[in-house]
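Report on one structure; see the data block that follows.
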Amino acid sequence: MKRLVTTLALASTLVGAAWTTPLPYPSAPSAPQVDVIHGVKVADPYRPLEDPDSPATQRWIAAENGVTRAFLDAVPQRDAIKARLTKLWNFERFDVPWKEGGRYFWFHNDGLQNQSVLFTASSLTDAPRVLLDPNTLSKDGTTALNTWSVSLDGRHLAYALSVAGSDWTEFHVRNVDDGRDLADTLRWVKFSGASWAADGSGFFYSRYDAPKEGAKALREANYYQKLYFHRLGTPQDADVLVYDRPDQKEWGFSGEATRDGRFLIITVTHGTERKNRIFVLDLAAHPIPKEGRVDRACVTPLFDQADAAYDFIDSDGERFWFSTTWKAPRGAVFHIDVKHPQAADRTVVIPESRDTIEAVSLVGHRLVVQYMQDAHAAVRSFTPDGRDAKPLALPGLGTVGGFGGHRDDAETFYMYTSFTTPRTIYRYDVATGASSLFRRPKVDFDARRYETKLSFYTSRDGTRVPIYVTARRGLRRDGANPVLLYGYGGFNIPIQPAFSVGNLVWMEMGGVYAVANIRGGGEYGEAWHQAGTKHRKQNVFDDFIAAAEWLVKERYTSPKRLAILGRSNGGLLVGAAITQRPDLFGAAIPGVGVLDMLRFHKFTIGWAWTSDYGSPDNADDFKALLRYSPLHNIRKGARYPATLIITADHDDRVVPAHSFKFAAALQAAQGAGAPVLIRIETRAGHGAGKPVTKVIDEVTDQWAFLVRTLGMTPTI
């Protein structure tokens, strides 16, 4: 630890210096491209960067990475930061166990393994054995387990692998007894789980047609998802088509078989919209045929209006339980007779409350409901008809997950985490409501020296917004602290307290970590989400800017010591913040961001985001998007904060063209000497499944960048 302090101090004169001279950025490929959109001329000079494989783009990528590496590698403390991150990351990590067919399954990482390993055992006291180790599948750790499902008899594991971070996955099937794979291989699967038939004969999954020969699989738009049944031991081209809709190219499907094998629940989604349809296939009346397809007329609508979110929980014969936002923006639970699906026949068993329902499971003959209170967790259990509410005591302001299982199970497991508590696993006795510790990781970090405070601030339009601030106890609020503000604000996704080794090291270095729970997320239900969508998207940026202003007002920091970070939709947030208020921040890190709001819908799954953003093809939406699109609001000569743009060459969700064009434009426009860098990871995607070695390298570069650009003199 002393070495890190000493090394950081050596660079104090370097990092405190004012930026006067721009870095020698490479010339980006360009063309005189001007689009006319709804009568408006829109220049897009860096359009050639949309082709990541062209020789010109490849040369630019290499040159930009060279500039970035030279800048970051020159930071004297970088090696010490990486050493501390690596040491702190080297701790055992456990995931929540689950049980199928009399066997337990769980994931475990011994510390620095690139991917966690799946174990199984007949009991929790037996010696476990490895069922699947993704670390053995590639030398660099970039082959990751994307999704998995165990058959109800515990005999087979269906699992999907992702390579180099791609959203495209390939399904395989493993025999649990001997650990060997069957010949079954399923390709061109994306955004799909696997749901086993009750008899274990096969599973339901969703896929797209194979891309046309010569098509760019990592860039072309994905339409016409189809639901299939794969029977074990047969080739993929023999899979039975269960449901598709050629008249609805944007609909997505997922199938879930009820545990009794009676019904198939088909959830129908439209992009990322938090409203869905539910269709039902009576498998007793209409069994899956041996070949061909299921007659579409056999699939009947249960909820066909897409007027709310409907999430299937469980069934008992013809009685189904759903969690929903129907007439309950913060969530409720009802049950219904599948033969009488009319709205008037829905029986609400858990009504809407002040808290937001995040997840519900029916286990041990109890409905276990995970709530959010001001973005932190609360848990209560009820009888299936909504009586006898029992709260679960939690250690503090944190997040929970788990509570899986089946209606007859006597036990379940869950995890608890917070900003300073690693994922700790508990066993929950459903009948008594008692929790017992199952696994607690040991981390080389003294959490007692740090504290998390929940506060509230007022946004531009008077909305009250929560903010979490985590820092050393006794922090001096003198306006001099380096603060990292994180946000997301989209797609009904709540940002809850979570443990991060990277954030711990940031705080050890003297930094403060803040999370603003802005509109657009799911912290306060669907109304909170909708308040940050489409023509109301500016509320998200206003909330984030107001959080930054509050941190300055409360003397946590000052603009020159304030950094912001966000990924994906959060990358859009950071891009919009620095183009709207460049004076408010000392540094910014937009990661894998959606930064071109006029062309996002033309690549891979981007069209699905129009439920949150609106569509550039709509004249009114176009006007709203153009007003805040980060790429199109860069002003020549403006003094932008130091910026480190992060992307990956295999990101096929938010294609790297967003970051490429934004970096080229921001470098060309920068009116100050503050650096504008882009870090382009290779053999990596949007973030899921990224190996630990790559994660440590990326976080190291982020903190080295902030130490240098914020003028930090860290202490530990």
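Exactly one of (1) free of Cβ contacts under 8 Å to residues at least 40 places away in the same chain; (2) within 20 Å of the chain's Cα centre (by Cα) is unmet by Asp446. Its number? Condition not satisfied by Asp446: (2). Selection of segment 475-506 for residues being more than 23 Å from Gly586 (Cα to Cα) and of a type in the set (Phe, Trp, Tyr) yields Phe491, Phe499. Take the conditions (1) within 22 Å of the chain's Cα centre (by Cα); (2) over 14 Å from Trp148 (Cβ atoms); (3) open to solvent by 10 Å² or more (accessible area, probe 1.4 Å); Gly102 misses just one of them, which is (1). Looking at Val552, Val540, Val574, just one residue is part of a helix (DSSP H, G or I), on the phi < 0 side of the Ramachandran plot and open to solvent by 10 Å² or more (accessible area, probe 1.4 Å), and that residue is Val552. Residues of segment 623-637 that are open to solvent by 20 Å² or more (accessible area, probe 1.4 Å) and of a type in the set (A, V, I, L, M): Leu626, Leu631, Ile634.
Restricting attention to segment 233-251 and to residues that are closer than 19 Å to Leu182 by Cα and surrounded by fewer than 17 Cβ atoms within 10 Å (Cβ to Cβ), the residue that is nearest to the chain's Cα centre (by Cα) turns out to be Gln236. Just one of the numbered conditions (1) closer than 19 Å to His406 by Cβ; (2) at pLDDT 95 or above is not true of Leu124: (2).
Among all positions in segment 403-415, there is at least one residue which is modelled with pLDDT of 95 or more, within 21 Å of the chain's Cα centre (by Cα), hydroxyl-bearing (Ser, Thr, Tyr) and farther than 22 Å from Arg274 by Cβ. Among the residues of segment 586-610, just one is more than 18 Å from Ala664 (Cβ to Cβ), open to solvent by less than 10 Å² (accessible area, probe 1.4 Å) and in contact with a Pro (Cβ under 9 Å, 6 or more places away or on another chain), namely Ala587. Residues in segment 451-472 that are out of contact with any helix residue (DSSP H, G or I) (no Cβ under 6 Å at 6 or more places or on another chain) and not in a strand (DSSP E or B): Asp461, Gly462, Thr463.
For segment 410-429, does any single residue satisfy the condition of being within 30 Å of Thr533 (Cβ to Cβ) and surrounded by fewer than 22 Cβ atoms within 10 Å (Cβ to Cβ)? Yes, segment 410-429 has at least one match.
Looking only at segment 216-232, residues that are among the hydrophobic types (A, V, I, L, M, F, W, C), crowded, with 18+ Cβ neighbours inside 10 Å and more than 17 Å from Phe171 (Cα to Cα) come to 1 in all.
Residues considered: Pro675, Pro691. Of these, the only one that is open to solvent by less than 20 Å² (accessible area, probe 1.4 Å) and farther than 30 Å from Ser116 by Cα is Pro675. On the stretch given as segment 41-65, residues that are closer than 17 Å to Phe600 by Cβ, outside any helix (DSSP H, G or I) and hydrophobic (A, V, I, L, M, F, W, C) total 1.
Being hydroxyl-bearing (Ser, Thr, Tyr) and open to solvent by 30 Å² or more (accessible area, probe 1.4 Å) is a condition met by at least one residue of segment 498-506. Among the residues of segment 558-571 satisfying the criterion of being under 18 Å from Val512 (Cβ atoms) and open to solvent by 10 Å² or more (accessible area, probe 1.4 Å), which is nearest to the chain's Cα centre (by Cα)? The residue in question is Leu565. Given the condition within 24 Å of Val40 (Cα to Cα), crowded, with 23+ Cβ neighbours inside 10 Å and under 18 Å from the mean Cα position of the chain (by Cα), answer yes or no: does some residue in segment 611-622 qualify? Yes: one or more hits. Val42 passes every criterion in (1) of a type outside the set (Ser, Thr, Tyr); (2) touching a strand residue (DSSP E or B) at 6+ places or on another chain (Cβ under 9 Å); (3) open to solvent by 40 Å² or more (accessible area, probe 1.4 Å) apart from (3).
Within segment 105-117, the set of residues being open to solvent by less than 30 Å² (accessible area, probe 1.4 Å) and either basic (Lys, Arg) or more than 23 Å from Lys87 (Cα to Cα) (or both) comprises Phe105 only.
Among the residues of segment 432-460, those that are closer than 20 Å to Glu554 by Cβ and either open to solvent by 50 Å² or more (accessible area, probe 1.4 Å) or not aromatic (Phe, Trp, Tyr) (or both) comprise Glu451, Thr452, Lys453, Leu454, Ser455, Phe456, Thr458, Ser459, Arg460. Residue under question is Gly522, and the condition is that it be under 21 Å from Ala608 (Cα atoms), crowded, with 20+ Cβ neighbours inside 10 Å, in contact (Cβ under 8 Å) with a residue 60 or more places away in the chain and in contact with a Phe, Trp or Tyr (Cβ under 6 Å, 6 or more places away or on another chain); does it hold? Against the criterion (under 21 Å from Ala608 (Cα atoms), crowded, with 20+ Cβ neighbours inside 10 Å, in contact (Cβ under 8 Å) with a residue 60 or more places away in the chain and in contact with a Phe, Trp or Tyr (Cβ under 6 Å, 6 or more places away or on another chain)), Gly522 does not qualify.
Pairing each residue of segment 98-111 that is of a type in the set (Asp, Glu) with any residue that is part of a loop (DSSP other than H, G, I, E, B), provided the two are 6+ apart or on different chains, yields C-beta distances under 8 Å for Glu100/Ser151; Glu100/Leu152; Glu100/Asp153; Glu100/Gly154; Asp110/Glu92. Reported count of residues in segment 17-39, each being at pLDDT below 95 and open to solvent by 60 Å² or more (accessible area, probe 1.4 Å), is 6.
Matching residues to (1) modelled with pLDDT under 95; (2) in contact with a Lys or Arg (Cβ under 8 Å, 6 or more places away or on another chain):
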| site | (1), (2) |
| --- | --- |
| Trp326 | no, yes |
| Ala332 | no, no |
| Val338 | yes, yes |
| Pro351 | no, no |
| Glu358 | no, no |
| Gln370 | no, no |
| Arg380 | no, yes |
| Thr399 | no, no |
| Pro422 | no, yes |
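The values are calculated or read from the model by the stated rules, or taken from the named source; none is laboratory data. Being a predicted model, the structure only gives us computed values, none of them experimental. Don't worry about glycine lacking a Cβ; one is built from the backbone with ideal geometry, like all the others, and counts go over all protein chains shown. Areas reflect the complete protein model, heavy atoms only, side chains present, ligands, DNA and RNA absent. Shrake-Rupley method; radii C 1.70, N 1.55, O 1.52, S 1.80 Å.
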